[in-house]
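Accompanying notes for the structure given below.
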Amino acid sequence: MNISRRWLEAFLRRPLEAGELARVLPMLGAPVDAIEPINPGLTPFVVARVLEVGPHPDPKATKVRLTAVDDGSGERLAVICGAPNVTAGKSYPFARLGTRMPGPKGFTIEARPIRGVVSQGMLCSARELGLGEEHDGILELDTDAAPGTPLLEVLPVDDDRLIVDVTPNRPDLLGHKGVARELAHALGVPFRLPPIPGSTGVNTPTPKRAEGASAVAGGVTIAIEDLEGCARFLAATLRGVKVGPSPRWLEQRVTAVGMRSINNVVDATNYVMFELNQPMHAYDLARLDGPALIARRAKEGERLTTLDDVERKLDAGMVVIADRKSAVGVAGVMGAAHVEVTHKTKDIVLECAWFDPRRTRRARRALGLSSEASHRFERGVDRWGAAEPLRRCIEIIQATAGGTLDGDPVDLWPQPSNPPRVFLRPARLAQVLGIELPVRRIEECLVAIGCTVLAKPDDARIAVDVPGWRPDLLAEIDLIEEVARVHGYSQFPDELRPYRVPVREDAPAAQAARRVRAGLVAEGLFESQSLSFGPAGGEPAVGLINPIAAPEGWLRTSLLPGLVRQVEHNWSAHTRDIRLFEIGTTFHPAGDRGRPTEVVRVAGVISGGREPGHWTGSGRAPDFELWDLKALFQSAVALAVPGGTCQVEGGKLVARSAESGLAGWGGRLDVAPPAWAAPVFGFELAISLAPPAGLRYRALPTTPSAERDVALILPAGVTAEAVQGELTRAGGAALESATAFDEYRGKGLPAGTRSVAFRLVFRDPARTLRDEDVDAAVAKALTALEKSLGVQLRTA
């Protein structure tokens, strides 16, 4: 997304620096990838006042005139000018001697004689300044600024274009209003829409809601035939517009974000798109058949020539905007060439709609046609706020191209809805974030992003109406993330808070990997991590459909090749002593249609000196040998494969496991070291040897449970675990669980005993248990406890 610094300043009513924005925006979730200065070459230009205009002394120089110019330096400068519009008493941009003209082919202003008279500077046109294509006359400045005033103070055309990386879940940041909203709460300043130069200030009427899926706007029929693809359609008809070049302010806004200025009507729609994140389209009313605008499905085989003059074939799954005769645009992607607004256009119809993001994405991919509009519709625009962009566009067009509204704008919304309401529990927020925030602060954070908060001080949860421009806020956790972001990540304490240790153990392979990692680090090895891709190698490998590079088109079947590449990289840096290991997954084919088999392995390589060089030593330490590798390999086997054995077979180290046989191997690797380096020894060992236990599906129970809480008196030496085991054995098949949840020691109990409370849960998967069934099972279990462990029921 291209963002204009000047445009943001107009929203916030305060000066901004590009560097400041580049620091603030990343903390708000919108990192700045680049900053591109706009018109940076205009800094040396000044305002100059023409004092006199006369003919050139040479009678043959009829195409130029001699002017006297005051540039604020105190000298009266003689300047030769060929433009016919230069008038005494007016102010113009002036390039002093030595000024470098902007543009890639810019030249330096020098004192050069023209027909015998030396020109001491240059009065500049808009084209010479890089501000447009107009070059027939010098750019006249409507200002009372004193001569010598920097041009950029009078003509603020310098800007910075910020290339902002907007993630797909934040479509609101694709408009300047969304970015200004984020900056407003970050900088602590208000924001509001910039005023439109030339606007009369008369409020544009709100679009009139229509009953059903069709209506008439200024004699144009507006209809929706595909409610799935187009949920809302607003339109307005303006007559008597004067299409022409955009005024300078509008042209600057559009070009500042990288768009090409076309005309005042098209630029107005683009302005609204970049300001409010609502793509719009203007149609030439005289070219619409009917006249009508209908949102419908495309007909199979229907063809359309889009604005880029390419004829495209449509399919029946696409949404199109059509008149009574044919399609006039692919909804959410691009309009048709034959209805575009040109200098001949007198009457226009404005379209403002909400199109289904998925349908828009499929159409864009099928046509191979991306546009600024499709980029926004695919991510979701604000369907509940569509009236504001339409009114804004009408205001801009009437201020720049004139025209009058023919009737009220219409709003087709056959199935109206409201933005979602999400409930937020402050207690849950404190649990997730680790700190408790007052309800007032939570409300401030949510209101800052546009939410409406409905809460009372004693409420256990807060009702939050999510704004329509934030389609990513769907659940409570989304609101918690927003509160954390707005409150500021730097505001959270950095000390470790108390937490509950999980009771579920890690997988055996993860435990083995942790043991091996700690053991190899203790042996002095450094852990390496590499990608899981590589060349095919010698054994069958799993190929990738879309590899990131040709040499990395296969999933690895071994870790050692990756470590060998790391060894060679160290050699290229003249590092001789190398000790590396890696724990990762290897992939192996599992048949024609089966998924690849994944095995967790550990591999290590050593090369060079057995001990690191030190001043206390007597010369260089001996190099690693096979026996050094064997000691390292035995340590890894003991940690990774319980009960595994390691022995030398045929000059190689071999590790075996009682469950699965061969577990790994080690030895000298077939790698040619440089003359100054040492041989490389390596090993590779499988960690996840035993296949994981098969998982069995068990449906959730459909019958209700019955619970009984019993307090038991346990004699000295009887553990709660023993009581739990006896309850499970004697409780019968209906006993689902027996859990201890309370313990008491003190008055009322016999000496040397304690009271432990158990919760017994009974359930029969086939029927609902009756009270007498549960009571009988409890009595049977208590009798068994008293006989076997001397445990009695506590009655008081």
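The values are calculated or read from the model by the stated rules, or taken from the named source; none is laboratory data. Quantities reported herein were computed from a predicted structural model and do not represent experimental measurements. Every residue, glycine among them, receives a Cβ derived from its backbone with ideal geometry; neighbour counts consider all protein chains shown. Heavy atoms of the whole protein, side chains included, go into the accessibility calculation; ligands, DNA and RNA do not. Shrake-Rupley method; radii C 1.70, N 1.55, O 1.52, S 1.80 Å.
Only one of Pro195, Pro150 is modelled with pLDDT of 85 or more and within 19 Å of Gly41 (Cβ to Cβ). Can you tell me which?
Pro150
Yes or no: Ala386 open to solvent by 30 Å² or more (accessible area, probe 1.4 Å), under 27 Å from the mean Cα position of the chain (by Cα) and among the aliphatic types (A, V, I, L, M)?
Against the criterion (open to solvent by 30 Å² or more (accessible area, probe 1.4 Å), under 27 Å from the mean Cα position of the chain (by Cα) and among the aliphatic types (A, V, I, L, M)), Ala386 does not qualify.
May I ask you to list pairs of residues, at least six apart or on different chains, whose Cβ atoms are under 7 Å apart, with the first in region 4-30 being on the phi > 0 side of the Ramachandran plot and the second being at pLDDT 90 or above and open to solvent by less than 50 Å² (accessible area, probe 1.4 Å)?
Hits for this filter: Gly29/Arg170; Gly29/Arg485.
This table checks each residue for (1) open to solvent by 90 Å² or more (accessible area, probe 1.4 Å); (2) part of a helix (DSSP H, G or I); (3) among the aromatic types (Phe, Trp, Tyr).
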position: Arg497; (1), (2), (3): yes, no, no
position: Pro502; (1), (2), (3): yes, no, no
position: Asp506; (1), (2), (3): no, no, no
position: Ala510; (1), (2), (3): no, yes, no
position: Arg514; (1), (2), (3): yes, yes, no
position: Arg517; (1), (2), (3): no, yes, no
position: Leu520; (1), (2), (3): no, yes, no
position: Ser530; (1), (2), (3): no, no, no
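Is it the case that some residue within region 470-486 is at pLDDT 90 or above, small (Gly, Ala, Ser) and either at negative phi or out of contact with any Gly (no Cβ under 9 Å at 6 or more places or on another chain) (or both)?
Looking through region 470-486, at least one residue is at pLDDT 90 or above, small (Gly, Ala, Ser) and either at negative phi or out of contact with any Gly (no Cβ under 9 Å at 6 or more places or on another chain) (or both).
Could you check how many residues of region 535-579 are under 33 Å from the mean Cα position of the chain (by Cα) and aliphatic (A, V, I, L, M)?
7
Yes/no per residue for (1) open to solvent by 70 Å² or more (accessible area, probe 1.4 Å); (2) of a type outside the set (Gly, Ala, Ser); (3) closer than 15 Å to Val69 by Cβ; (4) in a loop (DSSP other than H, G, I, E, B):
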{"residue": "Ile80", "(1), (2), (3), (4)": "no, yes, yes, no"}
{"residue": "Val86", "(1), (2), (3), (4)": "no, yes, yes, yes"}
{"residue": "Gly89", "(1), (2), (3), (4)": "no, no, yes, yes"}
{"residue": "Tyr92", "(1), (2), (3), (4)": "no, yes, yes, no"}
{"residue": "Gly106", "(1), (2), (3), (4)": "no, no, no, yes"}
{"residue": "Arg127", "(1), (2), (3), (4)": "yes, yes, no, yes"}
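Which is modelled with pLDDT of 80 or more, open to solvent by 80 Å² or more (accessible area, probe 1.4 Å) and in a strand (DSSP E or B), of Arg601, Arg708, Arg656?
Just one listed residue meets the conditions, Arg656.
For the subset of region 462-487 comprising residues that are under 17 Å from the mean Cα position of the chain (by Cα) and not in a helix (DSSP H, G or I), which member is surrounded by the fewest Cβ atoms within 10 Å (Cβ to Cβ)?
Restricting to residues being under 17 Å from the mean Cα position of the chain (by Cα) and not in a helix (DSSP H, G or I), the top hit is Leu474.
Provide a single number: the residues in region 679-701 that are modelled with pLDDT of 90 or more and either of a type outside the set (A, V, I, L, M) or open to solvent by 40 Å² or more (accessible area, probe 1.4 Å) (or both).
5
When you look at Thr255, is it assigned to a helix (DSSP H, G or I), of a type in the set (Ser, Thr, Tyr) and at pLDDT 90 or above, yes or no?
The answer is yes for Thr255.
Do you know which residues across region 190-202 are in contact with a helix residue (DSSP H, G or I) (Cβ under 8 Å, 6 or more places away or on another chain), under 20 Å from Thr237 (Cα atoms) and open to solvent by 50 Å² or more (accessible area, probe 1.4 Å)?
Thr200 - this is the single residue of region 190-202 that is in contact with a helix residue (DSSP H, G or I) (Cβ under 8 Å, 6 or more places away or on another chain), under 20 Å from Thr237 (Cα atoms) and open to solvent by 50 Å² or more (accessible area, probe 1.4 Å).
Open to solvent by less than 20 Å² (accessible area, probe 1.4 Å) and farther than 21 Å from Ala223 by Cβ: is that true of Leu369 in this structure?
Considered against the rule, which asks whether it is open to solvent by less than 20 Å² (accessible area, probe 1.4 Å) and farther than 21 Å from Ala223 by Cβ, Leu369 comes out as yes.
For region 532-542, name all the residues that are open to solvent by 40 Å² or more (accessible area, probe 1.4 Å) and either assigned to a strand (DSSP E or B) or at pLDDT 85 or above (or both).
Once the filter is applied, which keeps residues that are open to solvent by 40 Å² or more (accessible area, probe 1.4 Å) and either assigned to a strand (DSSP E or B) or at pLDDT 85 or above (or both), region 532-542 yields only Phe533.
Given the residues Val422, Val439, Val432, which is the only one that is without any contact (Cβ under 8 Å) to a residue 24 or more places away in the chain, touching a helix residue (DSSP H, G or I) at 6+ places or on another chain (Cβ under 7 Å) and of a type outside the set (Ser, Thr, Tyr)?
Unique residue meeting the criteria: Val439.
Exactly one condition in (1) assigned to a loop (DSSP other than H, G, I, E, B); (2) in contact with a helix residue (DSSP H, G or I) (Cβ under 9 Å, 6 or more places away or on another chain) is not met by Gly329; state its number.
(1)
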